[in-house]
């Protein structure tokens, strides 16, 4: 039943457009969904969502966060002949662009053009076309026609991707699994918890603009000032034929949630280290719940999460990171195993229920 509830939430969430800086459609859905299970739900001026739930008695303030935004594109200019140039928002690879269906502003369909194969020169058949050489066709033949559709410079663009169940129905492929699966897990956590389950105060936070610099996480951490935090996100899998699993990324689909113990973006002096006490909590509750956790390091890779800025907010927040593995990162066909997500939820609920039972210290 947990898998089916997570699948239903994921389908609803991924059907919405929420490219960084324009997450309103996703945040509006989340506000309504959290309202049935939280004591209060607030949205700040940038779009970060704060769902509060008080437990019984005194205890620490725990923040569990996800992010609402997804990678995508943005309208750069509308040509006189109605075609559209665009920029990337977040980690969109050029190799994914040609021949893709897209939605502009979440509602106007278009296609990213591709030169007819009959006319391609030999070198063009294997060359990756850059975003600067790419264009979107919305079926307009003049700039006025495109503008009459409501298209404006700055409108966000998402890949159009169906919600596809694989032969194994626990495997789902679609866009924006990063990070809507974590939003679904957080919603399900609030639905399952009652006030009697934990002490202290729980904040479920959904941050904006993670994909373009972890911006919302800074605002949220400084606002709440939690005693400790768990950040939820996704992580690439290393179990496909094009990756050397053991030496590059020993993360496998279907083997449970992943705890990246240290991560970072090379050369940017930006990354997260899981607090040693929170790692101890995760290990303890992994054993208690029987949920296998995959531990990994990515300190020299191009990977980090909101945990980086949450941990450094205020005077410093002991922070843990739990992620759901997914294949085909930052593409319209991200593939997730709902059993991994359900395991993360079970582990997370156990952690919340233990809030205040142990002192959080470095030594």
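Any read-out appearing in this document is the output of simple, stated calculations on the displayed coordinates, not a laboratory observation. The structure presented is a predicted model; accordingly, all values stated were derived computationally and were not measured. In this analysis, Cβ positions are derived from the backbone assuming ideal geometry, glycine residues included, and neighbour counts consider all displayed protein chains.
Values for this structure:
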read-out	value
Inter-site label distance for residue 142 and residue 77 at 7 Å from Cα along Cβ, in nm	2.0
Debye log10 I(q)/I(0) at q = 0.10, 0.21, 0.24, 0.26 Å⁻¹ for segment 72-159, Cα point scatterers	-0.24, -0.97, -1.19, -1.34
Extension reserve of the residue 225-residue 126 stretch, reckoned as 0.36 nm per residue once the Cα distance is removed	30.5 nm
Kirkwood Rh in Å, taken over all unlike Cα pairs in segment 120-250	20.2
Segment residue 118-residue 31, length gained on full extension (0.36 nm per residue, minus Cα span)	26.3 nm
Ranked 327, 100, criterion: other C-beta atoms within 10 Å, fewest first	100, 327
Average Cα contact separation per residue, segment 270-357, under 8 Å, 6 or more apart, as relative contact order %	36
Computed label-point distance, nm, for sites residue 280 and residue 24 using a 7 Å Cα→Cβ extension	4.8
Span from the segment 163-204 Cα centroid across to the segment 315-363 one, whole angstrom	11
For segment 85-106 and segment 268-314, distance of Cα centres in Å	31
Paired Rg and Dmax values of segment 137-185, which use every Cα atom, in angstrom	16.7, 47
Highest to lowest packing among 33-44, 303-314, scored as the average C-beta count within 10 Å	303-314, 33-44
Ranked 94, 263, criterion: other C-beta atoms within 10 Å, fewest first	94, 263
Overall Cα dimensions of segment 186-246, principal axis frame, Å, largest first	47, 28, 19
Among beta bridges that DSSP assigns inside the chain, antiparallel share in %, nearest 5	60
Extension gain, residue 133 back to residue 87 (0.36 nm per residue minus Cα-Cα distance, nm)	15.5 nm
For the chain, built as a Gaussian network whose Cα springs stay under 10 Å, the top-fluctuating residue of 56, 315, 289	315
Förster-model FRET efficiency, 30 Å R0, residue 1 and residue 43, C-beta, rounded to 0.05	0.50
Order of 7, 175 under a 10 Å beta carbon neighbour criterion, fewest first	7, 175
Degrees separating the helix 2-14 axis from the principal Cα axis of the chain, which is the longest one	40
Cα centroid of segment 112-162 to Cα centroid of segment 24-77, whole Å	34
Nearest 10 degrees, 0 to 90: helix 215-224 Cα axis against the chain principal axis	20
Convex hull volume per residue in cubic angstrom - Cα atoms of the chain	150
Expected 222 nm ellipticity per residue - DSSP helices of 4 or more, -39500 (n - 2.57), all of the chain, to 500	-8000 deg cm²/dmol
Nearest 10 degrees, 0 to 90: helix 24-35 Cα axis against the chain principal axis	30
Binned Cα-Cα distances of segment 1-156, short to long, each 10 Å bin given as a whole percent	9, 29, 27, 19, 10, 4, 1, 0
